[in-house]
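Q: Sharing a structure, written as structure tokens. Questions coming.
The values are calculated or read from the model by the stated rules, or taken from the named source; none is laboratory data. Given the structure is predicted, the values throughout are model-derived calculations rather than measurements. Here the Cβ is made from the backbone with ideal geometry for all residues, glycine too, and neighbour counts use every protein chain on show.
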Amino acid sequence: MSRKGWLYLGFFVLLLAGFYGGLMLATDFGKVELPVLSKVRPFRFVRQDGVEVTERDVRGRVYVAEYFFTTCKGICPKMNRNMRAVYEAFGSRSDFLILSHTVDPETDSVARLKNYSDSMGVDTSRWWFLTGGKADLYRAARESYLLDSQENSSRNISEQFIHTQFFALVDGDGQVRGIYDGLKREELEQLKKDAASLLGSSPPSQQTGGLP
């Protein structure tokens, strides 16, 4: 090939590289845009340390929401072992939280949640255990986090009992961006990747925690 041919080839390669480089920047190549599933409505709950918290206290922070109860002998212990893997994946980041809401506020008092959180041995500035009025807790599960069907709200609140294994991922603007099965390894790994994306960080290394 002549010198002129090499020059044309080099120019073409540079032009092609520039085109694809610009395309990657313009489309944020490699980053999956998570859908907005719902908007978290205003709430007012009480944390395991007796402090009242609202949606304003989580503004600007990415968090995972779940529902459990302390006397559960079935899926709840498995869920929270798996949630610990999510908790540990993000180290000591102050912009990431876990919110565990009780579905049995008559049993799960503030003191009981404090004992439960102590038994978990986690940093409670990063993992909150919440109680409140049953109607408010259930309304948040259904209308904000989409963790239970709203059709189940037709019965008297005293007869209702939510028992869900799903986790909701919420961004810093209070928007639910994903729902994940808290008992499935692949969905837990996807949750960690999606949370990292919202936080603007690299996906954490795989940590299976209590997963089989």
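Q: Of all residues in region 129-138 being in contact with a strand residue (DSSP E or B) (Cβ under 8 Å, 6 or more places away or on another chain) and among the hydrophobic types (A, V, I, L, M, F, W, C), which is surrounded by the most Cβ atoms within 10 Å (Cβ to Cβ)?
A: Within region 129-138, the first condition is being in contact with a strand residue (DSSP E or B) (Cβ under 8 Å, 6 or more places away or on another chain), and the residues that meet it are 129-132, 136-137.
Retained after the next criterion (residues that are among the hydrophobic types (A, V, I, L, M, F, W, C)): 129-130, 137.
Working: F129: 28, L130: 22, L137: 23.
Among them, the one singled out is F129.
Q: Considering each residue of region 33-71, count those that are part of a strand (DSSP E or B), more than 16 Å from A168 (Cα to Cα) and of a type in the set (A, V, I, L, M, F, W, C), and give that number.
A: Applying the first criterion (part of a strand (DSSP E or B)) to region 33-71 yields 38-39, 44-47, 52-54, 62-68.
Now drop any that are not more than 16 Å from A168 (Cα to Cα), which leaves 44-47, 52-54.
Among the residues that remain, those that are also of a type in the set (A, V, I, L, M, F, W, C) are: 45-46, 53.
So the answer is 3.
Q: Among the residues of region 139-148, are any surrounded by fewer than 14 Cβ atoms within 10 Å (Cβ to Cβ) and either in the same structural domain as E66 (by TED's automatic domain parsing) or over 23 Å from S94 (Cβ atoms) (or both)?
A: The answer is no, given that none of the residues of region 139-148 is surrounded by fewer than 14 Cβ atoms within 10 Å (Cβ to Cβ) and either in the same structural domain as E66 (by TED's automatic domain parsing) or over 23 Å from S94 (Cβ atoms) (or both).
Q: Going by the conditions given, is D171 acidic (D, E), buried (at least 19 other Cβ atoms within 10 Å of the Cβ), over 11 Å from N82 (Cα atoms) and at pLDDT below 95? Write out each step before concluding.
A: Working: acidic (D, E): yes; buried (at least 19 other Cβ atoms within 10 Å of the Cβ): yes; over 11 Å from N82 (Cα atoms): yes; at pLDDT below 95: no.
Answer is no for this residue.
Q: Return the pair list, or none, for Cβ contacts closer than 8 Å from residues in region 100-117 that are assigned by TED's automatic domain parsing to the domain that holds I75 to residues that are of a type in the set (K, R) and outside any strand (DSSP E or B), at least 6 apart or on different chains.
A: Pairs found: P105/K134; E106/K134.
Q: In region 72-190, which strands (runs of 3 or more DSSP E) lie fully inside it and hold 2 or more residues that are closer than 22 Å to D49 by Cα?
A: Numbers: elements: 96-102, 127-131, 166-170, 175-181.
It comes to 96-102, 127-131.
Q: Moving on. Would you please list the contacts, defined by Cβ atoms under 7 Å and residues six or more apart or on different chains, that run from a residue in region 127-145 that is among the small types (G, A, S) to a residue that is part of a helix (DSSP H, G or I)?
A: What qualifies is A135/I157.
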